[in-house]
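Structure first, then comments.
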Amino acid sequence: MASKKPARAHALATLLLHAGAEAHAAGDPVVTPLVQSVNYVQDPGSDDLMYTRYGNTPNAMRVQKRIAALEGAEEALVLSSGMGATACGLLALLRPGDHLLASQFLYGGTHRLLTEEFPQMGIDVTLVEPFEPRAWRRRLRRETRAIFIESPVNPTCRVLDMRGVSLLTKELGIALVVDSTFASPVNFRPLEHGADVVIHSATKYLNGHHDVLGGVVCGTAPYIDEVRQKEIVWGQTPDPFACWLLERGLKTLDVRVKRQNESAQVIAEWLEGRKEVRRCHYPGLPSHSDHAIAVDQLDGFGGMLSFELAGGARAADRFAKRLKMVRYAASLGGVDSLVSEPRFSSHARLTSDERARIGIPDGFIRFSVGLEDVNDIIADLEQALR
Ligand SMILES: Cc1ncc(COP(=O)(O)O)c(C=O)c1O
């Protein structure tokens, strides 16, 4: 796949280790020290207050600078979860009476936030089928302040074309907000494609070790300052140890994601040839409906894939029980291979028919490819499918 390299001082693999770090001197620790303090001594009367909930403590500042460099953003803010990032990121843009357009293909928690919580705050949300021609323009209102998309989509791995929607948001002067959790900055950097705000669940690829809950919002400095005000009053700031673990996890993001891209491609091709599998969804497969967009837009097709078992829910029950090495667990994007079923997790609040309508029929398995040897992963899948 052709690399679309941005104009940056250093390559991403280098930024992951060094961006935001000060010049070093003899005696400095190579690893950023963990400063597990909530508060800091101040000069009486000064306003340089450092307090963990303000997001301005040493471990938070270090990892925020690093993530901003990865996304090519002026600033980044680390929050205590991906949901905290989405909530504070959008509340910094929207006021009562405003209207938000959002893709209908969203992580279940985000769907709930937009359709159940925001209306109670006087923020109207319209969900849009983003693959319909002129979908966004047709649903615009005078009060529309932002467009929110998730790409690639959890759990169907659909890839949204950024071109049309970013031209529209630029024309109208409204914000384009992208949840880029599935891609990570290794595979996709939305700001290079016309987005104004990037959101991540850092719980997933950015940390990558299944041991930190976190979220990130990236954008301009004045906007991030607004998000910080939301973070402070809604109490969405992470603990210093979470920031420290996130910084540690980030160091290997490039090697992890590239390996996961490679393994996912091999596994997807293998799954596509199995009679037990009705359909495999992976943007790297030519059969995927958004393959052309993915080739054009992404630097890698990702470590997430999903597949539909021909035997439906009962086949999924059997498959899940038989897995030996790959584990059945929520979340994604880490070093261990994990499977889950949206019918019991992210989309449990929808009926079976509602899920089928958005492309998640019963028997649908989401697979987060880990760092195990790809042949061992396939061997486990094979014995569970047989
Ligand atoms: C695409 C996407 N966005 C946001 C979130 C929410 O992240 P968190 O669980 O860190 O709050 C998730 C969680 O699975 C997700 O998959």
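The values are calculated or read from the model by the stated rules, or taken from the named source; none is laboratory data. Just so it is clear, the structure is predicted and the values come from calculations on it, not from any experiment. No Cβ is skipped: glycine too gets one built from the backbone with ideal geometry, and neighbour counts run over all protein chains shown. Each accessible area value is taken on the protein alone, full model and side chains, heavy atoms only, with ligands, DNA and RNA left out. Shrake-Rupley method; radii C 1.70, N 1.55, O 1.52, S 1.80 Å.
Here the chain is treated as an ellipsoid with the same Cα gyration tensor; its semi-axes, largest first and in whole Å, are 33, 26, 19.
Of all DSSP bridge pairs formed entirely within the chain, close to 55 percent run antiparallel. Close amide H pairs (under 5 Å, H built 1.01 Å from N) link residue 75 with 219, 221, residues at least 5 positions away or on another chain. Using C-alpha pairs below 8 Å separated by at least 6 residues, the relative contact order for the range 253-385 is 28 percent. For the range 253-385, the solvent-accessible area with a 1.4 angstrom probe is 42 square angstrom per residue.
What residue among 286, 240, 155 has the largest mean-square fluctuation in a Gaussian network model of the chain, using Cα springs under 10 Å? The residue that fluctuates most here is 286.
Over the chain, Cα pairs under 8 Å with separation of 6+ residues give a relative contact order of 18 percent. Each Lys and Arg Cβ is given +1 and each Asp and Glu Cβ -1; about its Cα centre, the range 12-250 then shows a dipole of about 720 debye. Summarise the accessible area of the range 32-85 (1.4 Å probe, protein heavy atoms) by the percent that is carbon and sulfur. In the range 32-85, the share of accessible area belonging to carbon and sulfur is 55 percent. Overall shape: rounded for the range 243-386, with the ratio a/c of the largest to smallest alpha carbon gyration tensor axis below 1.5. Per residue, the accessible area of the range 1-134 comes to 52 Å², computed with a 1.4 Å probe over protein heavy atoms only.
Per-peptide packing, taken as the mean over residues of other Cβ atoms within 10 Å, places 278-284, 249-255, 196-202 in the sequence 196-202, 278-284, 249-255 from highest down.
Just the protein heavy atoms count here, and of the accessible area of the range 156-257 at 1.4 Å, carbon and sulfur take up 58 percent. Summing charges over neighbours of residue 98, with a neighbour being any other residue whose Cβ is under 10 Å away from its Cβ, gives +1 when K and R count +1 and D and E count -1. Taking 0.36 nm per residue of sequence separation and removing the Cα-Cα distance, the residue 143/residue 258 pair yields an extension gain of 37.3 nm. Total lysine pairs in the chain at Cα distances under 18 Å, for residues eight or more apart or on different chains: 5.
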